[in-house]
1. Criterion first (without any contact (Cβ under 8 Å) to a residue 60 or more places away in the chain, of a type in the set (Lys, Arg) and over 20 Å from residue 9 (Cα atoms)) does residue 85 satisfy it?
2. Specify which of the listed residues (16, 63) is within 14 Å of residue 115 (Cα to Cα) and in contact with a Phe, Trp or Tyr (Cβ under 7 Å, 6 or more places away or on another chain).
3. If we only count helices (runs of 4 or more DSSP H) wholly inside the range 1-120, which ones have 1 or more residues that are over 10 Å from the mean Cα position of the chain (by Cα) and hydroxyl-bearing (Ser, Thr, Tyr)?
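Taken together, the values in this text are just the output of simple stated rules run on the coordinates, not laboratory data. Fair warning: this is a prediction, and the values are worked out from it, not measured in the lab. Neighbour counts are summed over all protein chains in view; Cβ atoms, including those assigned to glycine, are modelled from backbone coordinates with ideal geometry.
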Amino acid sequence: MSNSAGARLFREAWIAGVQQHFPGEPKAGYVTPWDDTPEWEREAAGAVYEQVRQFVEISGGHASRLSREQKSRFVATCWTTQMFKHFEDPKPGYVADWPDLPKWQQETDADIFEAIESSLGG
């Protein structure tokens, strides 16, 4: 899968997760379609997709044994690094540590990992 397709997969998994886990009506920016997603966010999504893809592949298929929390933490950490890359002074919510993320976001991050894993045949 190309990096662009991987970035789209990430974004689609994010939107699906938000729609499933967010309590109430999510902010419009949380469910912005791919074509309207800012370039920095597309780049970040592609980078995190690639990090998860490589992680799953080098695990030899054993990443599936991680708990949902471990998968979620991995995605959240990769995303936080991208926020530091793209913003000199990111909003605190963009770089919050995993335990400080809302439950819906933790669940969505796990869903993203599992969507990428599934796309790789895992």
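1. Numbers: without any contact (Cβ under 8 Å) to a residue 60 or more places away in the chain: yes; of a type in the set (Lys, Arg): yes; over 20 Å from residue 9 (Cα atoms): yes.
Spelling it out, residue 85 is indeed without any contact (Cβ under 8 Å) to a residue 60 or more places away in the chain, of a type in the set (Lys, Arg) and over 20 Å from residue 9 (Cα atoms).
2. Details: 16 fails: in contact with a Phe, Trp or Tyr (Cβ under 7 Å, 6 or more places away or on another chain).
The match here is 63.
3. Working: elements: 3-21, 39-58, 68-86, 103-119.
Answer list for the range 1-120: 3-21, 68-86, 103-119.
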